[in-house]
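The values are calculated or read from the model by the stated rules, or taken from the named source; none is laboratory data. Just so you know, these numbers come straight off a predicted model, no measurement behind them. Methodologically, a virtual Cβ is constructed for each residue, glycine included, from the backbone with ideal geometry; neighbour enumeration extends over all protein chains shown. Side chains included, ligands, DNA and RNA excluded: accessible areas come from the protein's heavy atoms. Shrake-Rupley method; radii C 1.70, N 1.55, O 1.52, S 1.80 Å.
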Amino acid sequence: MSVLIKGGRVIDPANNIDQIGDLFLSHGIVASLGEEPAGFSPDETIDARNLIVCPGLVDLQARLREPGEEHKATLETELTAAVAGGVTTVCCPPDTDPVIDTPAMVQMIKQKARAIGLAHVYPIGALTRNLAGQQLSDMAALGDAGCVAVGNADQSVDNTLLMRRAMQYAATFNLNVFLNALDPWLKGNGCVHEGEVSTRLGLPVIPEAAEVVALARELALLETTGASGHITQVSCARSVEKLAEAQTRKIAVTAAVSAHHLHLSEQDIGEFDTMCHVIPPLRSVQDRDSLRVALADGIIGAICSDHQPHRLDAKLAPFSESSPGISGLETLLSLALKLTEEQIVDLPRVITVLTAGPARILGIDAGHLSPGARANVCVFDPHIEWRVDATEFYSNGENTPFNGEILKGRVMFTVVDGSIVYRNRHH
Amino acid sequence: MKSLIQFDQDGRLTHFLTIRGLNRETLSEILDDAESFISIGERQIRKVPLLRGRTLVNLFFEDSTRTRTTFEIAAKRLSADVINLNASRLSTNKGERILDTIRTLEAMHTDIFVIRDNASGTSHLLAEHMPPHVHIINAGDGRHEHPTQAMLDMFTIRRHKKDFGDLRVAIVGDILHSRVARSQIHALGILGTRDIRVIGPRTLLPTEIERLGVNTFSDLDEGLEGVDVIMMLRLQLERMEGQLIPSSQEYFRRYGLTTERVRRADPDVIVMHPGPINRGLEIASEVADGENSLILEQVTNGIAVRMSIMAKVMDGQNSSQEADK
């Protein structure tokens, strides 16, 4: 199948390209940009005038709920949501049921995703067996099965020596270590940032120090082991400072931030809005602003959706008992684009942190449109305004604090391996 | 904005969930009306027909004797039918259960729910999911608020002191876990209190509490200097010892209210406590039973104040009903 994406503004940050031109896809790969390849005859032509054509988005963290929590969502529903959000590559954390700590699990998820034929799925392997933080997982075998990174999802590895050995072992097999920096004791049963809002609402806290203390430990271990680490989410200004310092010292550490942490703060919790219950918690406005600056400065290299679909019941509970998480795949691009509206970053930078940035963190060949690359493409209209209506989400999760908000920028077409897997039915 | 949830479309108070966001006029009305209800308790027939034919459910997911009983008496004095339910919540699927429970009870045509729960925000959650003719009164939600307690405290203060604008008030003890303290701080602030102090060790003072308009002290003697009102809080020793405070002995030495310490305050100081008191832990017996103590009067006042609050949230409906006649 051949597809011609005609007349769009092609932004491909990895190749420093930002130009109006035609993109030619054939046999599942990018054939060329600008010049029509000899003998090219498109099966389908997308009129991309006034649209932006960029690499398909790479999301470093999305819960797809399968296997184990199919009552919440399935690979099929969530991968449909992914491509509707322009996402063509998704990493899923290992905290499925069963845990992704065996090659069989990795293969099962990859095969199932391949059969569905929407976005590509990269399972993150478990760092410790059953995520229990007690014994190393069979990381080399997980790597052979296709994992490019290992991590412990949001389970802590309390034993510092074990974490050090896990990093050393992962580094032996060139596996990136995904780290969720949150000290389990300081986190406790907390659910909100320690600050004015927690004091007013009387909710148990996750102090900033819970992240900073854990981050300091992981950075010290990364430095001495030489492993490559990725902090799956940062939420506060102090973490940004620590990361910047570590990167200056050439410690191999990258970081991502969720789209919601770039827009919301503890104040959005208002009077117990459980849609704003997320972990790490939404922090102060100053923290949010420093995350934005860090994203612009390159200290943070990727925006993730931290997609966590829930049934609505999970949010109909007293705040501390509600399930944390936001259904984020279908608002990821628009929320990221909002940063350009607010002049935090420019458009090429936004596209970088959604495509080439996360691909580089993962160390995979994705997130660019070089000739010969897999034809994973997102075509979006940066001008369309739409009202978020969670009941219209493709995701099974309707849990979003952005419901009813007007956002700008909509995915019109998503192409995976040269096939158009999503067409916007609204516009 | 969700913080307006306790008001109906016409701006009338329809639930009583939090003191925060109420104005001085509303608080004064509740206190004034409570004055008139006090006399009912002193009559031979202690009943008025204000809520006749109405049903009130006391739904307590947390143990309580004092608060539940005063709500029950208050409702009965207003001629409401009262059902007491001491429910317990299982640790799984709590949210679903609590909403289901209350919807079931709502289907039985309950007018007022008095809710106590150990999670902050439960009464907000329930208020959000109730039809407009159902009223929720928060009888304590987690560490968030206990607004009727704060109102009875304000009522008690007002009966003994002239003007809040002249008062120095100290709130002493476990501020961190106290829903009473949070409601008291809001109420005192709204009523224009000159100086609100919170006193406790740093492990029991929530972060940024100053932003609620209080001055913080970790030295009890210093904090009590010249105050007109001392409001003690109950210490939940069983879940704190060794974690938030080292021992009850050490706590009492530093933060226990003794006769000597009361002398640092104004000579006419009044001492209050929401109860039940821990004698010898946060307060010495001679202070609890002493001449400055209003602890039992608080209980009596609690009935009138709760009558006033029930009448207030039902106000819109009663008047519309009268208009129908």
Please identify every one of the GluC sites (Glu not before Pro) in segment A:368-417 that sits in a loop by DSSP and has no more than 12 other beta carbons within 10 Å of its own beta carbon. none
Is the shape of the protein assembly as shown rounded, prolate or oblate, going by the alpha carbon gyration tensor and its root eigenvalues a ≥ b ≥ c, with a/c under 1.5 for rounded and a/b larger than b/c for prolate? prolate
Tell me the trypsin sites (Lys or Arg not before Pro) within segment B:1-110 that lie in a loop according to DSSP and have at most 11 other beta-carbon atoms within 10 Å. B:ARG43, B:ARG52
Model label zone, A:LEU312; criterion: amide N under 14 Å from point 7 Å along Cα-to-beta-carbon; scope segment B:131-154: none
Calculate the length of the line joining the C-alpha centroid of segment B:273-287 to that of segment A:122-148, in whole Å. 56 Å
Restricting segment B:271-319 to GluC sites (Glu not before Pro) in coil, as DSSP defines it, with at most 14 other Cβ within 10 Å: B:GLU291
What aspartates and glutamates sit close enough to A:LYS250 to cross-link, taking a C-alpha to C-alpha distance under 13 Å and skipping anything fewer than 8 places away on the same chain? A:GLU223
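So, by mean Cβ neighbours within 10 angstrom, what's the order for B:170-183, B:202-215 with the highest one leading?
Result, highest mean first: B:170-183, B:202-215.
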For chain A, what is the percent of antiparallel DSSP beta bridges, rounded to the nearest 5? 50 percent
For the pair B and A, how large is the buried accessible area, both sides, in square angstrom to the nearest 100, if the probe is 1.4 Å? 2000 Å²
Calculate, for segment B:118-164, the solvent-accessible area per residue in square angstrom, rolling a 1.4 angstrom probe over the heavy atoms of the protein chains. 26 Å²
Regarding segment A:76-362, what's the average projected area of the Cα-atom convex hull, expressed in nm²? 13.8 nm²
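Do any of A:LYS110/A:LYS338; B:LYS76/B:LYS312; A:LYS187/A:LYS315; B:LYS162/B:LYS312; A:LYS72/A:LYS408; B:LYS47/B:LYS161 go past 26 Å between their Cα atoms, and which?
Working: A:LYS110/A:LYS338 33 Å; B:LYS76/B:LYS312 16 Å; A:LYS187/A:LYS315 20 Å; B:LYS162/B:LYS312 24 Å; A:LYS72/A:LYS408 28 Å; B:LYS47/B:LYS161 29 Å.
Pairs exceeding 26 Å: A:LYS110/A:LYS338; A:LYS72/A:LYS408; B:LYS47/B:LYS161.
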Starting from one equal scatterer on each C-alpha and no solvent at all, send me the Debye-based log10 I(q)/I(0) for segment B:202-315 at q = 0.11, 0.12, 0.20, 0.23 Å⁻¹, two decimals. -0.44, -0.52, -1.17, -1.33
Phi to ³J(HN,Hα) by Karplus 6.51 cos²θ - 1.76 cosθ + 1.60 over segment A:250-266, Hz, x for Gly, Pro: 6, 6, 7, 9, 10, 8, 10, 9, 7, 4, 6, 5, 7, 10, 10, 9, 3
In percent, what relative contact order does chain A have, based on Cα pairs under 8 Å that are 6 or more apart in sequence? 20 percent
Within 10 Å of the Cβ of an average residue in B:134-147, the count of other chain Cβ atoms is 2
Relative contact order for chain B: what percent, with Cα pairs under 8 Å and sequence separation of 6 or more? 19 percent
What percent does the relative contact order of segment B:163-222 come to when contacts are Cα pairs within less than 8 Å and at least six residues apart? 39 percent
Cα centroid separation, segment A:67-88 to segment A:349-427 (Å): 14 Å
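Rg to Rh ratio, segment A:96-240, alpha-carbon atoms and Kirkwood radius?
Value, to two decimals: 1.03.
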In nm, the gap between the two label points placed 7 Å beyond Cα toward Cβ at A:GLN19 and A:ASN403 is 4.6 nm
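Keeping the other protein chains in place, figure out the carbon and sulfur percent of the accessible area of segment A:76-362, with a 1.4 Å probe.
48 percent
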Which semi-axis lengths, in whole Å and largest first, follow from the square roots of five times the eigenvalues of the Cα gyration tensor of segment B:205-263? 20, 18, 9
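State the antiparallel share, in %, of DSSP beta bridges confined to the protein assembly as shown, rounding to the nearest 5. Could the numbers behind the result be given before it?
Details: 33 of 100 bridges.
Close to 35 percent.
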Tell me the label-point distance for the pair B:ARG279, B:ASP63, using the 7 Å Cα-to-Cβ offset, in nm and rounded to one decimal. 2.0 nm
Starting from the Kirkwood radius over alpha-carbon pairs of chain B, derive D by Stokes-Einstein at 25 °C in a medium of 0.890 mPa s and give it in µm² s⁻¹. 121 µm²/s
Do the sum for chain B: with -39,500 (n - 2.57) for every DSSP H run of n ≥ 4, divided by all residues, what is the mean residue ellipticity at 222 nm, to the nearest 500 deg cm²/dmol? -12000 deg cm²/dmol
